[in-house]
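Here is the structure we will look at, set down as structure tokens.
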């Protein structure tokens, strides 16, 4: 198939920057990475980009296509080529460009390292010299965070980092959650204290671009939410962001609605709230501040209180209260998933149902889950031999 | 100002301002930062050495991370198991070419290494009792493969990288290691091309550990990453060291059609079927007991036979997991499902996936002893680039990840111990001048053939002539083809003349590495007139010949060609027997 690409070329040595267009012939199954290979091999050997595994696991080939971060190896080009679209390929955002599609990952990794990205052994270390005994359910709290391949796609799209380059960012914070949520880790409080500082979890603008662009379903924003919830649960709530979040809950459970006039003093403290008087006046003009300081209680306040009670009774406060996102790798949509095996085999165009030679189709379906390897019992036969 | 090959000053543009200097000296220098490299570096650090790593990729980009199914250790969590059974399975799997003392060390130490990884925080899958889960794998007498769904390699790379960060071990990232520095009969460092900034950089080390992985890119259909080009093997080869058992290239039975992307053996471990176009589970004909979970060489040959005899579909057979059900597929094999969906457009819950044998793993490599030491003082090797040998003629699934950890650790420890008892590092100017001249030669060419042509020809011809089944005349022809490519190689043209991220240059160097190591493989294969493990010659020598070929093949680089000799296999307690599954 014919594929057209426009690639932003850049050379940090000279500062030259140019948008170049390439027309190439590629096989129909080609990914964006395959197309870049064809450009580099046959059209322009000076094109620079990173690549390695070409199977969505090494995280090398993060770049932007039409302004949004993708893994080049995960992006199939067939539909784009059929539509006759010529996508614009550029380097990832929020990281300095070194050459063409290659960015300097140093800022990325220094934030990663700032998270103490290793397990600090806890106190309940097994005394028999064996592995920790932990249920899969308990580990699943950080299942998605453990899928992260450090490709940088989330960082590329992070809006908070665009305005605050020092913001730790979605990837580093997801790595943080990987350990905060790990039952083997003994440094939860120290970690959360650290992540609660300036440029930390509360500086996220909740735009959800990171969840949107993550090629592995890590959902970094969910991880940040979990870190916030876990901080508050453990009383690490000095940051304005934490106070702000706490007030939302407090307000909802006491009066069933958000008392906005109290939000600023509760978040910033009464002293600094005085500086916001002008803003308060503006709120009043728009009818957001009630003239009488007696809070209005919503009619269905019991419902709000009960919701809160349910969360507490189910012990789902903190990270456990954040429901795993639907986009997690393990949850890739697969129709209803309710078909029986017979229905699956009977689907039109379906491959033949498996059977063991000589045993007919019905008997061939016993699931072999355990290898029956008995050395020397029967020789390996060639087909057709007795 | 750098000097050109003829000694004159390079042109005023200074296309390549490659001034050589030793940028740093360390006790232990680890080349390659996959599982073996990182494990070696961690061990050397813990032994008290000043250690650094060199890698042409960031450590987490290493191809160890693409391993899927699991890592073998006889923990006995799922069924009765012990190191002796593990060792026996490995010996048998190796078709009796594995060195048994090494295999015993390996099986004995593996469980401790796994527990350590878990204690470091590895995200392994769990049993209901909270212990590490273990799944059945091919040719294993007990379910002993510890796993993390089907992203085990990723989990290992992450936990090792975390431990590297914790120790703050320096990494020379995107440094392309090119040439070993041999001085006073020992290895004292590595000359590298700095990919990100340009320039030749020499890093000194009292000891050097090569952990550069495999060379699957010699084949057009391979599970291997673009980075797997045998750089470490070639460096050792060019330094005069022996490569052992290079003819044994493992073909993984389930690589996705048409890309060659790996689908884990864990799919079959979880109960997946291999069927031909009629739906017949053909493995019954070839391995009546183990069926789909026979050894990899057996399964690959069976598939190739089905395909060759017309019972395949478009050059592949089908991997069927429909009967496992959506829940099990989603829980245990989510990555394989995603790979099938993205690269073949098939959801394995509803349809079987087309698979075929693809080049996967080099059983052979740089000859080492059980502590990773090579023939050259101060030089060690571990992981896929090394050949201890625990895999012999055929590796069992799940044993290579374990090898990277156990022998990475052992190599790191012995490299550190040697380094801490010796003092100096010296890099002679001559070594640097040699590298400089090679670089100039490559970059100064004003025209020639682009490397991809040679690379594609190598990949296609290796697949045709030196794959699952091998014939005398095809191997002979392949040697001619490789020689022809090697003759053209001095004329390859590097289009990019810049300093910054010149991957055009490094890809050209990689091509040279692949050509020379491929020549070793086919040369050794041609002479091995028997069928053993991954080396199958059904047409002329269909059986194993212990009388004449129960020995390792040793290839060395001599006078611009391959010199072939042999060495003894080390036995302890298992006599060669007929190998059946």
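General observations
- Set side by side, the residues A:325, A:358, A:337 differ, and just one is under 30 Å from residue B:151 (Cα atoms), within 14 Å of chain B (Cβ to nearest Cβ), at pLDDT below 80 and part of a loop (DSSP other than H, G, I, E, B), which is A:337.
- Of the set (1) out of contact with any helix residue (DSSP H, G or I) (no Cβ under 8 Å at 6 or more places or on another chain); (2) touching a residue at least 12 places away in the same chain (Cβ under 8 Å); (3) more than 8 Å from chain A (Cβ to nearest Cβ), all apply to residue B:68 but (1).
- Taking region B:111-137 as the range and being in a loop (DSSP other than H, G, I, E, B), facing chain A (nearest Cβ under 7 Å) and touching a helix residue (DSSP H, G or I) at 6+ places or on another chain (Cβ under 7 Å) as the test, the residues that pass are B:121, B:123, B:125, B:136.
- Being over 29 Å from residue B:150 (Cα atoms) and either part of a loop (DSSP other than H, G, I, E, B) or in contact with a helix residue (DSSP H, G or I) (Cβ under 9 Å, 6 or more places away or on another chain) (or both) holds for only one residue in B:422, B:391, and it is B:422.
- Given (1) more than 9 Å from chain B (Cβ to nearest Cβ); (2) in contact with a helix residue (DSSP H, G or I) (Cβ under 7 Å, 6 or more places away or on another chain); (3) surrounded by fewer than 23 Cβ atoms within 10 Å (Cβ to Cβ); (4) assigned to a helix (DSSP H, G or I), index of the condition residue A:39 fails: (2)
- For residue A:25, the test of being in contact (Cβ under 8 Å) with a residue 24 or more places away in the chain, surrounded by fewer than 21 Cβ atoms within 10 Å (Cβ to Cβ) and under 28 Å from residue B:260 (Cα atoms) is passed.
- Residues of region A:198-208 that are in contact (Cβ under 8 Å) with a residue 40 or more places away in the chain and surrounded by fewer than 22 Cβ atoms within 10 Å (Cβ to Cβ): A:202, A:203, A:205, A:207.
- Of residues in region B:246-263 being assigned to a loop (DSSP other than H, G, I, E, B) and within 14 Å of another protein chain (Cβ to nearest Cβ), the one farthest from residue B:69 (Cα to Cα): B:258
- Test: residue in region B:458-468 that is surrounded by fewer than 17 Cβ atoms within 10 Å (Cβ to Cβ) and under 24 Å from residue B:543 (Cα atoms): yes
- Of the helices (runs of 4 or more DSSP H) entirely within region B:265-379, those holding at least 2 residues that are away from chain A (no Cβ under 12 Å) and crowded, with 24+ Cβ neighbours inside 10 Å occupy B:296-308.
- Selection status of residue B:181, crowded, with 24+ Cβ neighbours inside 10 Å, closer than 24 Å to residue B:439 by Cβ and touching a residue at least 40 places away in the same chain (Cβ under 8 Å): yes
- From the list A:152, A:122, the lone residue that is crowded, with 21+ Cβ neighbours inside 10 Å and touching a strand residue (DSSP E or B) at 6+ places or on another chain (Cβ under 7 Å) is A:152.
- Some residue of region B:142-163 being in a helix (DSSP H, G or I), without any contact (Cβ under 8 Å) to a residue 40 or more places away in the chain and more than 30 Å from residue B:76 (Cβ to Cβ): no
- Residue match in region A:46-64 (condition: more than 10 Å from chain B (Cβ to nearest Cβ), in contact with a strand residue (DSSP E or B) (Cβ under 9 Å, 6 or more places away or on another chain), modelled with pLDDT of 95 or more and farther than 23 Å from residue B:197 by Cβ): yes
- Test: residue in region B:463-484 that is in contact with a strand residue (DSSP E or B) (Cβ under 6 Å, 6 or more places away or on another chain), at pLDDT 95 or above and more than 24 Å from residue B:260 (Cβ to Cβ): no
- With a requirement of 2 or more residues that are over 30 Å from residue B:126 (Cα atoms) and touching a helix residue (DSSP H, G or I) at 6+ places or on another chain (Cβ under 7 Å), the helices (runs of 4 or more DSSP H) lying completely within region A:63-170 that satisfy it span A:106-113, A:153-157, A:159-163.
The values are calculated or read from the model by the stated rules, or taken from the named source; none is laboratory data. Given the structure is predicted, the values throughout are model-derived calculations rather than measurements. Here the Cβ is made from the backbone with ideal geometry for all residues, glycine too, and neighbour counts use every protein chain on show.
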